[in-house]
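Have a look at the structure below before the remarks.
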Amino acid sequence: MTTTNEPTPVRSSALNDAAAAGGEDNDEGDLTDMLSELRVLLPSAQLLSAFLITVPFSSGFAATVAAEKGVFIATFMLAVASLVMLSAPAVQHRVIRPLIDRAHFKRLATRQIIVGSVTLALALVLVTQLVLAAVFGHRVGIVAAGGIAVLIVLLWWVLPKAYRARGRL
């Protein structure tokens with residue numbers, strides 16, 4: 001066994017902590033975190049899309065007014081778009097392997113996840129309006145959809161940004 005007198009690079013404890021926590025210094029951890037996040041988001045988009053695929057084939061859909069059919073089409077297209085956007089990073093990761101520019105891929109995947117999350121959020125708001133309007137009337141559907149929109153904005157965007165600004169999490 002041979003030894004060299006070259007110094008071993010020492011990383012600061014802050015960098016070690018960041019790497020251990022999946023921080024920016026830990027590229028593989030970052031990608032693993034991203035793929036885990038997608039495992040949470042994708043089933044929502046899949047389930048919503050599957051539900052919406054069945055709606056036009058139900059017996060009462062023909063009697064739906066044109067405005068509600070417009071909401072349905074918008075909801076369906078947003079749900080499918082979210083499914084495509086949220087699955088894209090995993091497919092691209094598999095097709096591109098091995099990654100040449102990991103940092104660029106992470107930026108691209110992050111953008112796709114955000115756009116997929118926005119389209120999923122919009123689809124969730126619209127499907128809330130669609131379902132509750134059919135059950136309780138348009139006014140209740142609109143109010144409930146507004147409530148879901150506020151809840152999503154608060155929990156998905158405002159709260160995380162507030163935690164980040166305060167140095168929490």
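Data overview
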{"item": "Candidate set: region 9-59, residues that are at pLDDT below 90 and β-branched (Val, Ile, Thr); chosen: the one farthest from residue 73 (Cα to Cα)", "result": "10"}
{"item": "Members of region 32-51 found to be under 16 Å from residue 84 (Cβ atoms) and either basic (Lys, Arg) or open to solvent by less than 30 Å² (accessible area, probe 1.4 Å) (or both), listed by number", "result": "38, 45, 48, 49"}
{"item": "Pair list, Cβ under 6 Å, 6 or more apart: region 34-47 residue farther than 14 Å from residue 92 by Cβ, other residue among the small types (Gly, Ala, Ser) and modelled with pLDDT of 90 or more", "result": "45/82"}
{"item": "Unmet requirement for residue 124, which otherwise passes all of (1) touching a Gly at 6+ places or on another chain (Cβ under 8 Å); (2) closer than 15 Å to residue 76 by Cβ; (3) aliphatic (A, V, I, L, M)", "result": "(1)"}
{"item": "Which numbered condition residue 139 misses (of (1) under 30 Å from residue 30 (Cα atoms); (2) of a type outside the set (A, V, I, L, M); (3) in a helix (DSSP H, G or I); (4) open to solvent by 90 Å² or more (accessible area, probe 1.4 Å))", "result": "(1)"}
{"item": "Members of region 52-62 found to be open to solvent by less than 80 Å² (accessible area, probe 1.4 Å) and among the aromatic types (Phe, Trp, Tyr), listed by number", "result": "61"}
{"item": "Filter result for residue 131 (open to solvent by 50 Å² or more (accessible area, probe 1.4 Å), in contact with a helix residue (DSSP H, G or I) (Cβ under 8 Å, 6 or more places away or on another chain) and either assigned to a helix (DSSP H, G or I) or closer than 12 Å to residue 41 by Cβ (or both))", "result": "yes"}
{"item": "Any hit, region 100-107, residues being surrounded by 17 or more Cβ atoms within 10 Å (Cβ to Cβ), hydrophobic (A, V, I, L, M, F, W, C) and either in contact with a helix residue (DSSP H, G or I) (Cβ under 6 Å, 6 or more places away or on another chain) or in a helix (DSSP H, G or I) (or both)", "result": "yes"}
{"item": "Search result, residues across region 89-98 that are in contact (Cβ under 8 Å) with a residue 12 or more places away in the chain and either charged (D, E, K, R) or surrounded by fewer than 18 Cβ atoms within 10 Å (Cβ to Cβ) (or both)", "result": "90, 92, 93"}
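Here is a yes/no grid of residues against (1) more than 23 Å from residue 32 (Cα to Cα); (2) of a type in the set (Asp, Glu); (3) surrounded by fewer than 15 Cβ atoms within 10 Å (Cβ to Cβ):
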{"position": "64", "(1), (2), (3)": "yes, no, no"}
{"position": "73", "(1), (2), (3)": "yes, no, yes"}
{"position": "110", "(1), (2), (3)": "no, no, yes"}
{"position": "116", "(1), (2), (3)": "no, no, no"}
{"position": "160", "(1), (2), (3)": "no, no, yes"}
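The values are calculated or read from the model by the stated rules, or taken from the named source; none is laboratory data. These figures come from a predicted structure and were not determined experimentally. Every residue, glycine among them, receives a Cβ derived from its backbone with ideal geometry; neighbour counts consider all protein chains shown. To get the accessible areas, we keep the full protein, side chains included, count just its heavy atoms, and leave off ligands, DNA and RNA. Shrake-Rupley method; radii C 1.70, N 1.55, O 1.52, S 1.80 Å.
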